[in-house]
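The values are calculated or read from the model by the stated rules, or taken from the named source; none is laboratory data. Since we're looking at a predicted model, the values are computed, not measured. Quick reminder, even Gly has a Cβ in these numbers, built from the backbone with ideal geometry, and neighbours come from all protein chains shown. Areas reflect the complete protein model, heavy atoms only, side chains present, ligands, DNA and RNA absent. Shrake-Rupley method; radii C 1.70, N 1.55, O 1.52, S 1.80 Å.
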Amino acid sequence: MRLSQLPLTTFKEVPAEAEVISHQLMLRAGMLRRLASGLFTWMPLGLRVLRKVEQVVREEMDRAGALELLMPAVQPAELWQETGRWDLYGNLLLRMRDRHEREFCFGPTHEEVITDIARRELKSYRQLPVNYYQIQTKFRDEIRPRFGLMRAREFLMKDAYSFHLDHASLQKTYEAMADAYATIFTRLGLRFRPVEADSGEIGGARSQEFHVLADSGEDAIVYCDADDFAANLEMAPALAPATPRSAATQRLDKVSTPNQRTIDEVCDLLDIPAQQCLKTLVVAAADGGLIALVLRGDHELNPIKAAALPGVAAPLRLADAAEVQAAAGCPPGFIGPVGVTLPVIADHSAAVLADFVCGANEDGFHLAGANWGRDIPEPETADLRNVVAGDPSPGGGGPVRIARGIEVGHIFELGDKYSRAMNASVLDQDGKESPMLMGCYGIGVSRIVAAAIEQNHDDNGIIWPEPMAPFQVVIVVLNPKKSESVTAAADALYDDLQNAGVEVLVDDRKARPGVKFADADLLGMPHRLTVGERGLAAGQVEYRERRSGAEEKLALDDVVKFIQAKLGPAPA
RNA sequence: CGGGGCAUGGCGCAGUCUGGUAGCGCAUCUGCUUUGGGAGCAGAGGGUCGGCGGUUCGAAUCCGUCUGCCCCGACCA
């Protein structure tokens, strides 16, 4: 493509609406334009990236034996009413009516539609297993769209749904999808990690997320270098400490801590570490009462673990100040387990503390030298907290590390949730009706584009992984108007590279060199060739690698070979 | 949804408090000079100042209202 033929406007300044770097850079590079909140137009260069990601996904899904189809973006309410999700999905569903006042939604996902297809098409176990997939635009009316493409309302997703007679078959496909996903993200040139995940609202048994590692990621993922443990922070178990509680040595002492509401404030005042404090959180109980959850002062409550406890209301709800006052007789900052009338559940780490500080259940006072068993009944214990870096890995390999990740893929063993609700069954070997087991496998195609930039950029702009770059090579032509020979050389190079199967963007605009270099960096093509009078006089062009900035002078005749070597073998 | 902020040319902003008919930088167009990391000079085009209503001789500016966009939202115990 010739840049002179593309109306490309790049910005030096960062558009005020863009918060995250991927959004800023795509706007600045003219790859993306916003239409409304969470709605974007993919401009020509950006679309090339999206299509490349899409194509890699498609190839690997096909290779894994999945069958591509395309379902409608708009779906009738009746299907959603069959599974009950018409009501459950709430405001995330964009609803609409047609001219006959029939209700529809713009599909946020396609379990209902595919299950409807499956129950019509699949009648015999002999047809199974089947894995259908599509690459389709979805719409979720997010409460707060943000971060550009990372949490857009309209987005491009690959979703696959598999159907099975038995669990062994489902597991086999699930594993095949996990493998395919790893291949996809590897082929795209992204640093990623599969992690054990909460299956959340979709329901079902096993579930894994695939995260692109980036400091700006919304999710915390916990992993261990020494074993293969990796999990979303939401799901990562915190093991109970191996060392037993030490004996009490201090006497219980009431200390004045006026207006010291936070752990930090109390610790500062008393000059003790947060690990020697307890924090007590009051949450709603399932029976309508309240429950006190006790954590070590330096630990954070994990709301998913807490809500999963029997007796605790799900979803988790923290008591407000008035409820705490009524239950414990003090403001929230001063509550503690000693003498409290609420049921107490302590985190494993909190339960092994001795001689600790906690709230005194009296405004302005804490207790020091408190001990379980002596001052407080031995508590019920549970895993309540978020794992922190350095905790022992559940895999047994050693301390865990925590990294930020952007969720770009998610696979589930769904089971029979939808097939039962929608009566999707086949006849088994014995001629008996059997509800099909399902798996579902999603990839956020448009989100991958943003995640790739979050992971791969510098101060000058985007650094596309080669397989995603809109073009593999950009040719910067210096002062083409001034020099016939430069223009001729650039044109020849352009033709030669294209004939060799290389995707080339040639910057033949009438612009100053500085502008072209800056735009080349911003747009992020991995390989740059510069054709100018100076080099040409010596029969050379200049090569520069975007990521490293490494430069090299090349003889004109060697360029095609050189670039081909850089690009490596074409993917199979 | 709750809280906060913003809305002035394609982008970034000033002007609003103290009302007098809109300005700067970038971008765009023309010409000349320049030409290896976002050039200089000269000129030009482009704005219902988010919408509606009100106050006023007069509103970007004051008042009301609506809309749009952005940010934050258990982590205090």
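The table that follows gives values for the structure above.
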item: Residue within the stretch A:540-558 that is modelled with pLDDT of 95 or more, among the hydrophobic types (A, V, I, L, M, F, W, C), outside any helix (DSSP H, G or I) and closer than 30 Å to A:Asp62 by Cα present; result: no
item: Filtered residues of the stretch A:281-309 (kept if more than 29 Å from the chain's Cα centre (by Cα), open to solvent by 20 Å² or more (accessible area, probe 1.4 Å) and more than 12 Å from RNA strand B (Cβ to nearest atom)); result: A:Ala286, A:Asp287, A:Gly288, A:Gly289
item: Tally, over the stretch A:322-340, of residues that are farther than 27 Å from A:Asp355 by Cα and open to solvent by less than 60 Å² (accessible area, probe 1.4 Å); result: 1
item: Residue list for the stretch A:458-473, filter: open to solvent by less than 10 Å² (accessible area, probe 1.4 Å) and within 11 Å of RNA strand B (Cβ to nearest atom); result: A:Gly461
item: Test result for A:Val515, part of a strand (DSSP E or B) and either surrounded by 20 or more Cβ atoms within 10 Å (Cβ to Cβ) or in contact with a Lys or Arg (Cβ under 9 Å, 6 or more places away or on another chain) (or both); result: no
item: Selection within the stretch A:1-13 - near RNA strand B (Cβ under 7 Å from one of its atoms) and surrounded by 14 or more Cβ atoms within 10 Å (Cβ to Cβ); result: A:Thr10
item: Subset of the stretch A:357-383 (residues that are within 20 Å of A:Asp264 (Cβ to Cβ) and either under 26 Å from the mean Cα position of the chain (by Cα) or open to solvent by less than 30 Å² (accessible area, probe 1.4 Å) (or both)); result: A:Val357, A:Cys358, A:Gly359, A:Ala360, A:Gly364, A:His366, A:Leu367, A:Ala368, A:Ala370
item: Matching entry among A:Phe40, A:Phe11 (being in a strand (DSSP E or B) and of a type in the set (Phe, Trp, Tyr)); result: A:Phe40
item: Neighbours by Cβ (under 6 Å, 6+ apart or cross-chain): first from the stretch A:312-336, within 24 Å of A:Asp375 (Cα to Cα) and small (Gly, Ala, Ser); second within 9 Å of RNA strand B (Cβ to nearest atom) and in a loop (DSSP other than H, G, I, E, B); result: A:Ala328/A:Ile335; A:Gly333/A:Arg261
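Yes/no per residue for (1) over 26 Å from A:Gly38 (Cα atoms); (2) surrounded by 12 or more Cβ atoms within 10 Å (Cβ to Cβ); (3) hydroxyl-bearing (Ser, Thr, Tyr); (4) free of Cβ contacts under 8 Å to residues at least 60 places away in the same chain:
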site	(1), (2), (3), (4)
A:Trp86	no, yes, no, yes
A:Tyr89	no, yes, yes, yes
A:Leu92	no, yes, no, yes
A:Arg95	no, yes, no, yes
A:His100	yes, no, no, yes
A:Gly107	no, yes, no, yes
A:His110	no, yes, no, yes
A:Thr115	yes, yes, yes, no
A:Arg120	yes, no, no, yes
